[in-house]
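Below you'll find the structure, written out as structure tokens, and then a few comments.
The values are calculated or read from the model by the stated rules, or taken from the named source; none is laboratory data. These numbers come from a predicted model, not from an experiment. Using ideal geometry, Cβ is built from the backbone for each residue, glycine included, and neighbour counts are taken over all protein chains shown.
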Amino acid sequence: MKYRDTIYFLPLPKKYQSMREITVRSDKTKSILRKHPWVFSGALATDIANFKDGELVSLQDQKENFLGIGHFQHGTIAVRMLTHNKIKIDKEFYFDKFKNALALRKQIGLFSDNNSICRLIHGEGDGLPGLIIDHYNQVLVVQCHSVGMYNSLEEIAFALRDLFGEDVRAIYSKNTGTLPSHIESENKYLFGKCDVPHLAMENGINYSIDWINGQKTGFFIDQRESRALLGKYAKGQKVLNTFCYSGGFSLSALKKGASEVHSLDSSEKAIVLTEENSKLNKFKGKHESIVDNAVKFLNDLPTTYDIIVLDPPAFAKHRKKRHAAVQGYKRLNANAIRQIKPGGIIFTFSCSQVVEKELFNHTVISAAIEAGREVRILEQLHQPADHPISAFHPEGEYLKGLVIQVN
Ligand code: SAH
């Protein structure tokens, strides 16, 4: 008898007993058995009309074999899987996931004297679909992308407090715009309180973080490694950092001796943050901030830059927008390639999940052909290890980039 069959006959935990069951069509169980974390509505044989958004459900196949437990939500993705085993989804469940996630981040040095910023939980990549938790120097910012996670915030907050103990000053829940519009959600402290902006450090650079008024949870943590890499190329160089947000790339270049850095963003708030962060660190090189549309700026770009960073927001959130997005990336890259100084370096990125790595590389190559210059690929970049991708969920890969040299 297999282990799975053995536990099948054990008395079920109370919480599991009260869970409603959903049956999955026999031709659709394969991907669940392969541990893909999403179950699409078309895979369900049960009438789900009276199921509630956020409800914990138990899945079974048409022969009543147990498949797993997940959060139900009306929509294309009907169930986000939490486990394929018969276990209780409670505070201990979250505690174990958080403990494993924290151990990995500690192992790679993200809780150290020169780094106090990292992503603690990256949704499916950490086995918790719909949940994001970012860490900023003893403050945890939680963002729910599913109603099930939103409903579990109390257990999540208790588990985080148990795990971090004295090492957490505040836990803030930020859910504006991340849940279906009919769900009433609020942004609030789940534990403690901490004034914003709050000081935290990435790779030895100080940042002022504002999770209340800032974009996302307050900082773009996923570019940590690429910022550090930019530092290696930056000594004595004149750098243009477009789509700069709070200036991460700019400060990394200045720290490593860039002679001059121009930071550009269309958001005035972002530029205020960049200026604040620049003052905070007092690096030697010249720094100037520009509020402007980067697409327009790049159309008419001076030919004086040695390094250009292109890190736009996701141009395509859906497959339907992919073609237009590719055209957008191509135009940005072609303009930068055409105008950069001979021997210049471009750090170019896409965070659109629907524009895959190969397509992005191809787009940059097309831009190089259009610009008519010699281009070499020096480095291929991707999201860092605190944004892991489950091997069973390739859709979790979203950030890709290239470092190219133009002659
Ligand atoms: N590189 C940044 C993160 C970029 S996020 C970092 O390291 O932190 C994308 C940024 O692009 C946001 O700050 C947003 O305000 C800005 N943005 C969006 N559209 C823009 C446009 N057309 N021109 C300039 N900036 C834009």
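Checked against (1) among the β-branched types (Val, Ile, Thr); (2) exposed (fewer than 15 other Cβ atoms within 10 Å of the Cβ); (3) in contact with a His (Cβ under 9 Å, 6 or more places away or on another chain), Ile221 passes all but condition (2).
Residues are listed down the side, and each one gets a yes or a no for (1) outside any strand (DSSP E or B); (2) under 19 Å from Ala391 (Cα atoms); (3) over 17 Å from the mean Cα position of the chain (by Cα):
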| site | (1), (2), (3) |
| --- | --- |
| Glu92 | yes, no, yes |
| Leu104 | yes, yes, no |
| Arg119 | no, yes, no |
| Pro129 | yes, yes, no |
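Among the residues examined, Pro302 does not qualify as within 15 Å of the ligand (Cβ to nearest atom) and either part of a loop (DSSP other than H, G, I, E, B) or free of Cβ contacts under 8 Å to residues at least 40 places away in the same chain (or both). Touching a His at 6+ places or on another chain (Cβ under 8 Å) and either crowded, with 17+ Cβ neighbours inside 10 Å or hydroxyl-bearing (Ser, Thr, Tyr) (or both): which single residue out of Ile121, Ile117 fits that description? Matching residue, one of Ile121, Ile117: Ile117. Looking only at residues that are part of a loop (DSSP other than H, G, I, E, B) and not aromatic (Phe, Trp, Tyr) in the stretch 305-314, which one is farthest from Lys330 (Cα to Cα)? Filtering first and then ranking leaves Asp306. A Cβ distance below 6 Å, combined with a sequence gap of six or more or placement on separate chains, defines the contacts here; from the stretch 242-257, residues that are assigned by TED's automatic domain parsing to the domain that holds Arg224 reach residues that are more than 9 Å from the ligand (Cβ to nearest atom) and in a loop (DSSP other than H, G, I, E, B) in the pairs Leu254/Phe283; Leu254/Gly285; Lys255/Phe283; Lys256/Lys235; Gly257/Lys235.
Specify which of the listed residues (Asp162, Asp134) is in contact with a Lys or Arg (Cβ under 8 Å, 6 or more places away or on another chain) and crowded, with 24+ Cβ neighbours inside 10 Å.
Asp134
Specify the residue that is nearest to Ile89 (Cα to Cα); the eligible residues are those in the stretch 150-179 that are of a type in the set (Val, Ile, Thr) and out of contact with any Leu (no Cβ under 8 Å at 6 or more places or on another chain). By that ranking, first place goes to Thr178.
Yes or no, residue by residue, for (1) within 8 Å of the ligand (Cβ to nearest atom); (2) modelled with pLDDT of 95 or more; (3) out of contact with any Gly (no Cβ under 6 Å at 6 or more places or on another chain):
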residue: Gln215; (1), (2), (3): yes, yes, yes
residue: Phe220; (1), (2), (3): yes, yes, yes
residue: Ala228; (1), (2), (3): no, yes, yes
residue: Ser252; (1), (2), (3): no, yes, no
residue: Ser263; (1), (2), (3): no, yes, no
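From the list Ile271, Ile290, the one residue that fits, being surrounded by 21 or more Cβ atoms within 10 Å (Cβ to Cβ), over 20 Å from Gly231 (Cβ atoms) and free of Cβ contacts under 8 Å to residues at least 60 places away in the same chain, is Ile271. Applying the criterion of being more than 13 Å from the ligand (Cβ to nearest atom) and exposed (fewer than 15 other Cβ atoms within 10 Å of the Cβ) to the residues of the stretch 305-328, the residue that is nearest to the chain's Cα centre (by Cα) is Lys317. The set of residues from the stretch 22-44 being surrounded by 12 or more Cβ atoms within 10 Å (Cβ to Cβ) and either closer than 14 Å to Phe72 by Cα or assigned by TED's automatic domain parsing to the domain that holds Gly127 (or both) comprises Ile22, Thr23, Val24, Pro37, Trp38, Val39, Phe40, Ser41, Ala43, Leu44.
Can you pull out the residues in the stretch 344-381 that are without any contact (Cβ under 8 Å) to a residue 24 or more places away in the chain and touching a Leu at 6+ places or on another chain (Cβ under 8 Å)? Result: Gln380, single match.
Of all the residues in the stretch 210-243, those that are of a type outside the set (Lys, Arg), under 26 Å from Gly396 (Cα atoms) and not in a loop (DSSP other than H, G, I, E, B) number 9.
Given the structure, is Ala258 over 22 Å from Ala200 (Cα atoms), at pLDDT 95 or above, buried (at least 21 other Cβ atoms within 10 Å of the Cβ) and more than 10 Å from the ligand (Cβ to nearest atom)?
Details: over 22 Å from Ala200 (Cα atoms): yes; at pLDDT 95 or above: yes; buried (at least 21 other Cβ atoms within 10 Å of the Cβ): yes; more than 10 Å from the ligand (Cβ to nearest atom): yes.
Yes; evaluated as a whole, the condition is true for this residue.
Comparison of Ser289, Ser246, Ser250 shows that the only residue that is touching a Ser or Thr at 6+ places or on another chain (Cβ under 9 Å) and either over 27 Å from Gly328 (Cα atoms) or part of a helix (DSSP H, G or I) (or both) is Ser250.
Among the residues of the stretch 87-105, those that are charged (D, E, K, R) and out of contact with any Pro (no Cβ under 8 Å at 6 or more places or on another chain) comprise Asp90, Lys91, Glu92, Asp96, Lys97, Lys99, Arg105. Are any of the residues in the stretch 196-204 surrounded by fewer than 15 Cβ atoms within 10 Å (Cβ to Cβ), closer than 22 Å to Leu273 by Cα, free of Cβ contacts under 8 Å to residues at least 40 places away in the same chain and β-branched (Val, Ile, Thr)? For the stretch 196-204, residues surrounded by fewer than 15 Cβ atoms within 10 Å (Cβ to Cβ), closer than 22 Å to Leu273 by Cα, free of Cβ contacts under 8 Å to residues at least 40 places away in the same chain and β-branched (Val, Ile, Thr): absent.
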